[in-house]
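All remarks here apply to the structure that follows.
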Amino acid sequence: MTPAPVDNTRPGSTSAATPRQRLSWRAPDGRVLAIAVVLALVVTGVQVLWARDQPPLSARAALILLVLAALFACAERFVVVFPVRRGAHTISLSEIPLVLGLIWCAPAAIVLARILGGAIGLLGFRRQRGVKLLFNLTLFATEATVATAVFRLIAGPAQELAPRGWVAAYAAMMVVDVISIVLVTMVIALHDDSQEWRRLVTADIKSLVQVPMVTVTTTLALIAAIVIRNQILASILLAILSYAIYQVFRRYAQQTQGHAQVEQLYAFTRSLDGSRDLHTVIDTVLSRVRDVTRADTAELVVTTGAAPPLRFRLSAQQPVLTRQGNGSDPSTWWYPAMDGEPVLLAPSRTQGGDDGRPVDGMAVPVAMDRGAAVLMVYDSLADIATFTAEHLRMLQAFAAHAGVALTNIALVDRLRHSSLHDALTGLPNRRMLLTDLRDAIESGVSTFGTVGVLLLDIDRFKEINDALGHDVGDDLLRQIGQRMQTSFADRGTVARLGGDEFAVIVENCQSARDVLDAAEELRRIVERPVPVGDLTLTTQASVGVSFAPDHGLDPDRLLQRADVAMYAAKHARAGVRAYQAEDDLNTPRRLTLMAELRSAIEAGGLSIAYQPKVDPEDGRVLGAEALARWHRPDGPVPPDEFIPLAEHAGLIPALTRFILDTALAACAQWRGGGRDLSVAVNLSPQILTDPNLADDVSRALRRHRLPPIALTLEITENGVMEDPARSMRTLDALNALGVKLSIDDFGTGHSSLGRLAELPIHEMKIDKSFVRGLTTDQTRRAVTDAALQLGRTLGLIVVAEGVEDETELEYLRRHGCGVIQGYYISRPLPAAEFADWLSGRPTAHLPELEVRTADA
């Protein structure tokens, strides 16, 4: 059994060296030739040493030499090939004449017979030429020399056919097989595949050394020697037996190859399962396909859309995967596979020449989810005659699995892209933005000094969606994202965070001023008119800015602080605003308070305090304003702190229902005790746009059996102006219900007198900032006098809040103020203390008020 190296010099192959090419010692063939020369020199030296003790060649010895040479030549005719990676184990029954030679011939005669018979067999039957022929002949000579040395070392003189000689023959054949494997592996590594040494070291020795077959052929040779010594004609029977063994081996090889192909296909699918890298999968596909189909070159051609096809190639001349962007000519031999038709290119003498066509080849389509691909192999190795239909079926099986693997990679790539990009605009999403921001901080801060984060929100974008539809809104977002990408892609990362929020990382900034300039540029870009269908939309934007390292080095913290700055810019209508610590409301205390506030509202953990409202003329108590209070174990939380928290956390509806229900319950007790009082409740601007507010108030009044006139709802000027249309609908519904409406904190808002006259209100409250010190401050006195005059003109009850001394009370009484409240009268009191405060104080039935409508 003799391993045979890969043949890359098939006649007519495009990879063969032409006669005009000079052989270089750096080329693979040159290095193989060097190995052959070294082996020849070693064999010659050993044979020269042995020749001193050998008698001259006799006629009988010469006849035996010729017979052995004939047997060696015949052995090359009847061979069985077991492919092993890029090489092959060749079982040729050559062990039989080799063992006979060890028993009957001198060492030199054995080598001569082996070289002579091998040359005849390789030239005549296997048609080998050139460097491959020379290497195999030196390999044969080396095998014969090594076998002789081992046999002589173990058998000793005159022990050839004794049991000791049998052991020597077995040992010699085993050693020869191992040496052949090493030398053939060396040639494969030099000529075709540098990884062959690693595979030899890690391979199962049973798959390399065919012990049963070596044992059978060696045993047959020993039996032949014993039988021929007694009866020469028995060699005919041995020849028949040898041929039968050859057929058994041949059938065994075919069966083994079939199992090996199944195992290779299974190993191929396993090797593809764990890989998610495109080049790794393609390299695995092409290297395995080359081995299984016994091809010199494997190639994968992939087309996607209108782009030129990509060609990936792996061959003996290019053992590393190479990628080319060449086009594909429809006249090429494999092009029908692009249309789904397998191609089996039969060998032809005209192929493999200057036209670039291979000696033989196969090409099959590769089914993919997107695009098309062709898997092909060409230039079959010398250990097969050519590619057959069986090879084509195997290639189709590999192509099917390769198609699944490539489709999975494409799917994983799409999923990976989807996980890092926004589906609507195609821009990076928050996850990718944070990753890029971390990289920018690590590299940019140390190099340039400042990295900026810009967070942009489109103002009043909801109105565009509500008025024009989500399709228009989506188109607007896509165009804005494209504008931002065009202007800022070369300066950092542009991302969409969701909704109408975008973010930009600005790298390579020398100072915070550079970042702010970029933010102003970003706002101007977004606020340019945007054509959407037949419309041209103009948007406004608010941009929050944070810097690294000034505002931190953590990506999440920087993005959060840019978000804080953006909301501050939106609230102040500033356009662009850098982060400031006083803007940051999301402190740990605030987050804790928001969580506890929700629980306090649900569990009734808040309380209501009542501040009296009296008539300045006679001191009669007219009612009280209900004010929410929150007491925690560590102390009270001011309303100015927890009311904004409720607005931010969406708790205003629940908080309003709690205050309204508690205040009306207290009012019902007062009125049930004979005191005809009213109660006032403040409404947040958020609740004014709730279309169900009037129904909620009506149900609360019925539940506590109170007339609508017993309730006053206080609103602010700014609250109405945030959404005038919807606020007016709510106020009209409340007015129709019969409750009194009051403008709170009058003078601090932005409404016009015309707008004030249109509101269905009954009362106006002068803000305490104008009441305090009005007797000494001329400006405050002027504002207060104007408010009192305006109230009388509009027919409104005027309430002055924040009265803290007698001089302020007297001034307001003299100038016709209808109701006063403040610390001079009483601080806000809990319900029980307010009831005690009422004892002994006069109350009055509130007079019927003229309800002023928009028509008045």
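Remarks
- Estimated at 0.36 nm per residue, the fully extended path between residue 528 and residue 641 surpasses their Cα-Cα distance by 36.8 nm.
- Backbone HN-Hα couplings from phi across segment 214-221 [Karplus 6.51/-1.76/1.60, Hz, Gly and Pro as x]: 4, 5, 5, 5, 5, 4, 4, 5
- Stretched out straight at 0.36 nm per residue, the stretch from residue 705 to residue 408 would grow longer than its current Cα-Cα span by 99.9 nm.
- The Cα atoms of segment 575-708 cover 56, 36, 34 Å along the three principal axes, with the biggest extent listed first.
- Segment residue 725-residue 806, extension gain: residue separation times 0.36 nm, minus the distance between their alpha carbons: 25.0 nm
- Over the C-alpha atoms of segment 506-596, the Rg to Rh ratio, Rh being the Kirkwood estimate, stands at 1.07.
- Rg ratio (alpha-carbon, reference 2.2 N^0.38 Å) - segment 659-750: 1.09
- Site pair residue 153 and residue 346 shows an inter-label distance of 5.3 nm when each label is modelled 7 Å from Cα along Cα→Cβ.
- Entry note: segment 431-491 has Rg to Rh equal to 1.13, where both radii use alpha-carbon atoms and Rh is the Kirkwood radius.
- Label-to-label distance, residue 732 versus residue 482, with points set 7 angstrom from Cα along the beta-carbon direction: 4.2 nm.
- With 18 Å as the limit, the listed pairs 613/768; 570/768; 740/768 have 570/768; 740/768 beyond it between alpha carbons.
- Per-q log10 I(q)/I(0), segment 753-803, q = 0.12, 0.16, 0.18, 0.20 Å⁻¹ (Debye; single scatterer per alpha-carbon; no solvent): -0.26, -0.45, -0.56, -0.67
- From the C-alpha gyration tensor of segment 380-441, square roots of 5λ in Å: 46, 14, 7
- Solvent-accessible area of residue 125 with every protein chain in place, 1.4 Å probe, in Å² to the nearest 10: 100
- Cα-based radius of gyration for segment 551-608, normalised by 2.2 N^0.38 Å, reads 1.47.
- Debye equation applied to the C-alpha atoms of segment 603-654, log10 I(q)/I(0) at 0.16, 0.21, 0.31, 0.32 Å⁻¹: -0.61, -0.83, -1.22, -1.25
- Label-point separation, residue 631 to residue 390 (7 Å along Cα→Cβ), nm: 9.6
The values are calculated or read from the model by the stated rules, or taken from the named source; none is laboratory data. This one's a predicted model, so the numbers in the text were calculated from it and none came from an experiment. Note that we place each Cβ from the backbone using ideal geometry, even for glycine, and neighbour counts take in every protein chain shown. Just so you know, the surface numbers come from the protein's heavy atoms only, side chains and all, with ligands and any DNA or RNA stripped out. Shrake-Rupley method; radii C 1.70, N 1.55, O 1.52, S 1.80 Å.
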